Amino acid sequence: MKGKLDRVAVFDSGDRCPELPLVEGAGFARAVVWPGVGANIRSMHRIKLPAGAQTVEQKHPGEAVYFVLAGAGGVREGRAEQPLIEGSMVHIEPGTRYRFKAGAKGIDLIGGPCPPDPSLYVGLK
């Protein structure tokens, strides 16, 4: 094993996590793993959208990856939308504008930009 494991941290994605202003309508987006907890290379956000809700359009200098924990919906890039179902993985290239939209039963996502996008955390503590 190379190196030494200095610290292991376990986080939940509950309501003690700071809210991110990423949702239009009902639902929430929470910063779970982000620079505020010491993460410098990866971020993980929990995004939960009920039926009909969507995120704001996002664009990051680095990549982003998301996993669909439950539900279904779509991810939109410009006018093109790709369907998402439970278990889907989404990879977004740097500089790509995108947004998520919930299907009829909502969607629950985990993921985020890598490296973290500092513009998402302005004002968070």
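The values are calculated or read from the model by the stated rules, or taken from the named source; none is laboratory data. What you see is a predicted model, and the numbers here were worked out from it, not measured in a lab. Please note: Cβ atoms are built from the backbone with ideal geometry, for glycine as well, and neighbour counts cover all protein chains shown.
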Working only within region 107-116, note down all residues that are part of a loop (DSSP other than H, G, I, E, B) and either within 25 Å of residue 50 (Cβ to Cβ) or free of Cβ contacts under 8 Å to residues at least 40 places away in the same chain (or both). none
Quick check on region 29-38: of everything there that is of a type outside the set (Phe, Trp, Tyr) and closer than 20 Å to residue 91 by Cα, which residue is surrounded by the fewest Cβ atoms within 10 Å (Cβ to Cβ)? 32
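Condition check ((1) touching a strand residue (DSSP E or B) at 6+ places or on another chain (Cβ under 7 Å); (2) farther than 22 Å from residue 81 by Cα; (3) modelled with pLDDT of 95 or more; (4) hydrophobic (A, V, I, L, M, F, W, C)) across all residues:
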| site | (1), (2), (3), (4) |
| --- | --- |
| 8 | no, yes, no, yes |
| 12 | no, yes, no, no |
| 29 | yes, no, yes, yes |
| 50 | yes, no, yes, no |
| 64 | yes, no, yes, yes |
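Among the residues of region 92-107, is there at least one that is over 25 Å from residue 35 (Cα atoms) and exposed (fewer than 14 other Cβ atoms within 10 Å of the Cβ)?
We begin by selecting, within region 92-107, every residue over 25 Å from residue 35 (Cα atoms); these are 101-107.
Subsequent filtering for residues that are exposed (fewer than 14 other Cβ atoms within 10 Å of the Cβ) retains 104-105.
Yes; the residues of region 92-107 include at least one that is over 25 Å from residue 35 (Cα atoms) and exposed (fewer than 14 other Cβ atoms within 10 Å of the Cβ).
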Cβ-Cβ distance below 9 Å, separation of 6 or more or different chains: which pairs start in region 16-41 with a residue that is within 20 Å of residue 53 (Cα to Cα) and touching a residue at least 40 places away in the same chain (Cβ under 8 Å) and end on one that is among the hydrophobic types (A, V, I, L, M, F, W, C) and part of a helix (DSSP H, G or I)? 20/120; 22/120; 31/37; 31/120
Could you figure out which of (1) farther than 25 Å from residue 18 by Cα; (2) among the β-branched types (Val, Ile, Thr); (3) free of Cβ contacts under 8 Å to residues at least 12 places away in the same chain isn't true of residue 122? (1)
Step by step: first the residues of region 82-91, then only those that are more than 12 Å from the chain's Cα centre (by Cα) and surrounded by 15 or more Cβ atoms within 10 Å (Cβ to Cβ), then the one that is nearest to residue 24 (Cα to Cα). Which residue is that? 84
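I'd like the residue in region 108-125 that is on the phi > 0 side of the Ramachandran plot and under 15 Å from the mean Cα position of the chain (by Cα) and, out of all such residues, is surrounded by the most Cβ atoms within 10 Å (Cβ to Cβ). Give the steps one after another, and end with the answer.
Keep residues of region 108-125 that are on the phi > 0 side of the Ramachandran plot, which gives 111-112, 123.
Subsequent filtering for residues that are under 15 Å from the mean Cα position of the chain (by Cα) retains 111-112.
On the way: 111: 22, 112: 28.
Filtering first and then ranking leaves 112.
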Looking only at region 39-67, and only at residues there that are of a type in the set (A, V, I, L, M) and more than 14 Å from residue 99 (Cα to Cα), the one that is surrounded by the most Cβ atoms within 10 Å (Cβ to Cβ): 44
Which listed residue, of 52, 71, is free of Cβ contacts under 8 Å to residues at least 60 places away in the same chain, small (Gly, Ala, Ser) and farther than 25 Å from residue 16 by Cα: 52
So residue 79 passes all but one of these: (1) free of Cβ contacts under 8 Å to residues at least 12 places away in the same chain; (2) within 14 Å of the chain's Cα centre (by Cα). Which condition number does it fail? (2)
